[in-house]
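Structure first, then comments.
The values are calculated or read from the model by the stated rules, or taken from the named source; none is laboratory data. Just so you know, these numbers come straight off a predicted model, no measurement behind them. Every residue, glycine among them, receives a Cβ derived from its backbone with ideal geometry; neighbour counts consider all protein chains shown.
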Amino acid sequence: MTATVAALGIATAIGVVVNRRSGVLRETAAEPEQDTSSLGLSDAGPTVVHFSADWCGPCASVRRVVDQVCADLPGVAHVEIDIDANPVAAKQLSVLSLPTTFVFDAGGRQRYRTAGVPKAADLRTALEPLLTI
Amino acid sequence: MSTDTGQVDVRGPRFAAWISTAVLVLTLAVSAASTTAAAIILSAQAVVFAVSAWRGPRTSPYGLLFRTFVAPRLGPVTEREPVPPLKFAQLVGLIFAVVGVVGFAAAIPLLGAVATAFALFAAFLNAAFGICLGCQLYPLVARLRRVPAA
């Protein structure tokens, strides 16, 4: 009985927390110079970098969200990186789970990061100020 | 081995996770009275995990139940997910189930209960919240697989 209650209780607590945090864009702390030259970032505006793989289910949802936001904000570039094809980039950005999405500004600095499927409105809110930089 | 590497309706694995949750709760409840009975029930679940890990969710026992009795009553598929992480998750479930069976069968009920509780934790997390722990671990496994070739 104790084992059942513990397993269900801990799973419920973790499930609620993980689902609440999933897809939430988090501002990235200022980092020392990061070499982003191999990521194919735009230097004319912000870039959304989205790591995916054939075997990643929610990655298609991220693609839809990012495409929708990019259609609304033409100055935003979208780069999708297959983690199997480019493991070096995944390692460089410490990508441990899929989908993981980053927002870089025009200067190539990482500004936001999220694991899970971001909401289009959140992504738009994060990107709009970067278009004016 | 099955070459089921396509995509499946996300509702199928969630349905399977609910049944696994029920079987694992039953295992723990029965273990208080009989570890032998618990070992037998958990063995059956281990076989389901093994078949699912081997053949994929589409032709697994619970997958067949879903396709036959549940899917026809549901609306069209709106979301799919890839099979390989699901098969890996079933393999993780199989490992916990086998350890649990060994624990119950060898009269080490604590081992049996702890291993079953871990499997229950993962199954319920998947069923109730759509969080597949095995699928979360899959990128790490995929990365480890790539290392020798790098």
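Observations on the model:
- Subset of the range A:60-98 [surrounded by 18 or more Cβ atoms within 10 Å (Cβ to Cβ), within 24 Å of B:Val8 (Cβ to Cβ) and modelled with pLDDT of 90 or more]: A:Val62, A:Val65
- Inter-residue pairs, beta-carbon under 7 Å, first without any contact (Cβ under 8 Å) to a residue 12 or more places away in the chain and in the range A:47-70, second assigned to a strand (DSSP E or B) and surrounded by 20 or more Cβ atoms within 10 Å (Cβ to Cβ), 6+ apart: A:Trp55/B:Pro82; A:Gly57/B:Glu81; A:Gly57/B:Pro82
- Condition check for A:Val69 on (1) away from chain B (no Cβ under 11 Å); (2) within 30 Å of B:Leu26 (Cβ to Cβ): one failure, at (2).
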